[in-house]
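Scroll down for the structure; my scribbles are underneath it.
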Amino acid sequence: RADIPVITIDGPTASGKGTLADEVAHQLGYIVLDSGALYRTAGLAAFRAGVSLDDGPGVARIAAGLDLHFRKGRAILQGEDISELLREEATGLMASQVAAHPEVRQALHQLQLDFRRLPGLVADGRDMGTAVFPDAGLKVFLTASAQTRAERRYKQLIGKGISANMESLRADLEARDARDKGRAASPLKPAQDAQLLDNSGQTIEESKGLVLGWWQERQPF
Ligand code: CDP
Ligand code: CDP
């Protein structure tokens with residue numbers, strides 16, 4: 001599959017990865033991989049099965065056997081639409097707990113590679129450029145200040161009618177960042193050949209324009 005184009009977008013929580021990945025993929029007609037959704041589902045499924053999130057091999061067995069499908073942007077686990085549950089901050093925290101186990105990362109590796117299909121893929125997460133698609137044609141590392149990210153998440157939740165508290169949101173977000181950066185297995189860090197993009201003061205349209213420009217510069221024709 002090495003000839004199938006891939007763009008990776010990695011970065012901390014609420015930096016805008018998912019939104020940017022969707023926009024860029026839509027423009028290019030590419031497939032999207034929201035790798036965080038896989039870790040979120042693994043955390044949720046393990047929790048529901050009563051498996052301790054500290055039990056790497058136990059969670060990995062659950063992750064390897066997930067009956068998960070994506071249909072029209074919805075995540076379906078064993079016939080149940082879990083899309084809303086997946087987006088909860090509590091699920092994000094469970095995801096980052098199980099994501100620290102190398103066995104869990106290994107169990108989800110092939111599943112992620114399977115998303116590499118024609119005409120191309122935009123993959124977002126923490127280690128898309130460093131570990132899963134190291135040969136990607138363009139790697140973006142997206143960041144924004146913690147304050148900006150907390151404000152974005154706050155607005156996103158309030159917009160969905162979910163009550164939220166700025167201070168606890170920012171604390172959760174910084175705790176998750178610290179765990180994702182500090183772990184030994186595929187920590188959150190830019191690939192050596194990544195384009196760094198701090199979008200704190202940018203609109204989604206501006207970031208999208210930059211990424212599409214970089215992608216065009218890399219095309220041989
Ligand atoms: O996927 P990730 O957690 O990195 O972030 P996201 O869910 O794509 O974006 C978090 C929120 O920030 C969304 O509501 C975006 O619309 C918003 N956002 C923004 O307001 N301005 C940007 N330049 C990027 C994202
Ligand atoms: O949307 P947000 O950026 O908040 O989170 P996400 O991308 O859905 O990821 C949830 C958690 O899964 C992260 O905090 C990471 O611990 C983990 N994750 C990972 O380890 N590797 C990935 N490629 C994607 C997510």
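The values are calculated or read from the model by the stated rules, or taken from the named source; none is laboratory data. Just so you know, these numbers come straight off a predicted model, no measurement behind them. All Cβ positions, glycine included, derive from the backbone under ideal geometry; neighbour counts span all protein chains shown. Areas reflect the complete protein model, heavy atoms only, side chains present, ligands, DNA and RNA absent. Shrake-Rupley method; radii C 1.70, N 1.55, O 1.52, S 1.80 Å.
For a quick check of your reading of the filter: which trypsin sites (Lys or Arg not before Pro) in the stretch 153-221 sit in a DSSP loop and have no more than 12 other Cβ atoms within 10 Å?
Numbers: sites: Arg153, Lys155, Lys160, Arg170, Arg176, Arg179, Lys181, Arg183, Lys208, Arg218; in loops: Lys160, Arg183, Arg218.
Filter output for the stretch 153-221: Lys160, Arg218.
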Taking the Kirkwood radius as the inverse of the mean 1/r across Cα pairs, report the Rg/Rh of the stretch 145-209. 1.03
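Restricting to DSSP loop positions (anything but H, G, I, E, B) with no more than 15 other Cβ atoms inside 10 Å of their own Cβ, which trypsin sites (Lys or Arg not before Pro) remain in the stretch 90-138?
Details: sites: Arg105, Arg116, Arg117, Arg126; in loops: Arg116, Arg117, Arg126.
Loop-located and lightly packed - Arg117.
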So what's the Cα pair-distance distribution over the stretch 99-184, bin width 5 Å, in %? 3, 11, 18, 17, 16, 16, 15, 5, 0
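Go through His109, His26, His69 and list them by solvent-accessible area, largest first, probe radius 1.4 Å. Mind showing how you got there, number by number?
Details: His109 55, His26 155, His69 85 Å².
Sorted by accessible area, descending: His26, His69, His109.
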Gaussian network model of the chain, Cα springs within a sub-10 Å range: biggest mean-square fluctuation belongs to which of Ala95, Ala164, Ala60? Ala164
Convex hull of Cα atoms in the chain, direction-averaged projection (nm²): 11.9
Once phi is turned into ³J(HN,Hα) by the Karplus curve 6.51 cos²θ - 1.76 cosθ + 1.60 with θ = phi - 60°, what whole-Hz value does each residue of the stretch 124-135 show in order, with x for glycine and proline? 10, x, 10, 10, 5, x, 8, 10, 8, 10, x, 9
On the protein heavy atoms, probe 1.4 angstrom, tell me the percent of accessible surface of the stretch 3-103 carried by carbon and sulfur. 51
